[in-house]
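Take a look at the structure set out below.
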Amino acid sequence: MLGPVFIPCPNCFARCDGCRGYGLFPADFQCLGCLVEDLIRQGLAPVFCPTCCGVVDLIRMHTPPEVNFHVLHHH
C-alpha cells in the first residue's frame, strides 16, 4: 500500500512527540498530493502526524471519491 518507506534515523533526529516516532515517509512519491491521490484510488485515506507529517494510519474508505485533485505530476 505505501511501498518502500523512509523512517527518520534515531541518531540524527529527535523522536517526533506527535506520533512517538511511528510516522512513515513513503519513498516512491514525488509529492504529498501524489501519495494521497494514489491511496484514494485504492480506497484508503492516509492519516498524517500533525507534527512531522509522517503517515501514521490508513483508513479504509467505503466509497472512493471520483475526484482528481492533483494533476501536476503525471507518471
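The values are calculated or read from the model by the stated rules, or taken from the named source; none is laboratory data. Model, not experiment: these values are computed from the prediction. Glycine also receives a Cβ, built like all others from the backbone with ideal geometry; neighbour counts cover every protein chain displayed.
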- [ ] Please identify the pairs in which a residue from the stretch 15-38 that is under 15 Å from CYS52 (Cα atoms) and among the hydroxyl-bearing types (Ser, Thr, Tyr) has its Cβ atom under 6 Å from the Cβ atom of a residue that is crowded, with 18+ Cβ neighbours inside 10 Å and modelled with pLDDT of 90 or more, counting only partners at least 6 apart or on another chain.
- [x] TYR22/VAL56
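Taking only the stretch 15-63 into account, find how many residues are assigned to a strand (DSSP E or B) and of a type outside the set (Lys, Arg). So that I can check it myself, show each step before the final result.
As a first pass, look at the stretch 15-63 and keep what is assigned to a strand (DSSP E or B): 24-26, 44-48, 55-60.
Filter once more, so that each one left must be of a type outside the set (Lys, Arg): 24-26, 44-48, 55-59.
Of the residues in the stretch 15-63, 13 are assigned to a strand (DSSP E or B) and of a type outside the set (Lys, Arg).
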Open item on the list: Go through the stretch 1-14 and report how many residues are in contact (Cβ under 8 Å) with a residue 12 or more places away in the chain and either in a loop (DSSP other than H, G, I, E, B) or in contact with a helix residue (DSSP H, G or I) (Cβ under 6 Å, 6 or more places away or on another chain) (or both).
Closed with: 6
- [ ] Among the numbered conditions (1) in contact with a helix residue (DSSP H, G or I) (Cβ under 9 Å, 6 or more places away or on another chain); (2) exposed (fewer than 13 other Cβ atoms within 10 Å of the Cβ); (3) modelled with pLDDT of 90 or more, tell me where LEU58 comes up short.
- [x] (2)
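Rundown of residues vs (1) modelled with pLDDT under 90; (2) on the phi < 0 side of the Ramachandran plot; (3) surrounded by fewer than 13 Cβ atoms within 10 Å (Cβ to Cβ); (4) more than 11 Å from the chain's Cα centre (by Cα), yes/no style:
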position: GLY21; (1), (2), (3), (4): no, no, no, yes
position: PHE25; (1), (2), (3), (4): no, yes, no, no
position: PHE29; (1), (2), (3), (4): yes, yes, no, no
position: LEU44; (1), (2), (3), (4): no, yes, no, no
position: CYS49; (1), (2), (3), (4): no, yes, no, no
position: GLY54; (1), (2), (3), (4): no, yes, no, no
position: ASN68; (1), (2), (3), (4): yes, yes, yes, yes
position: LEU72; (1), (2), (3), (4): yes, yes, yes, yes
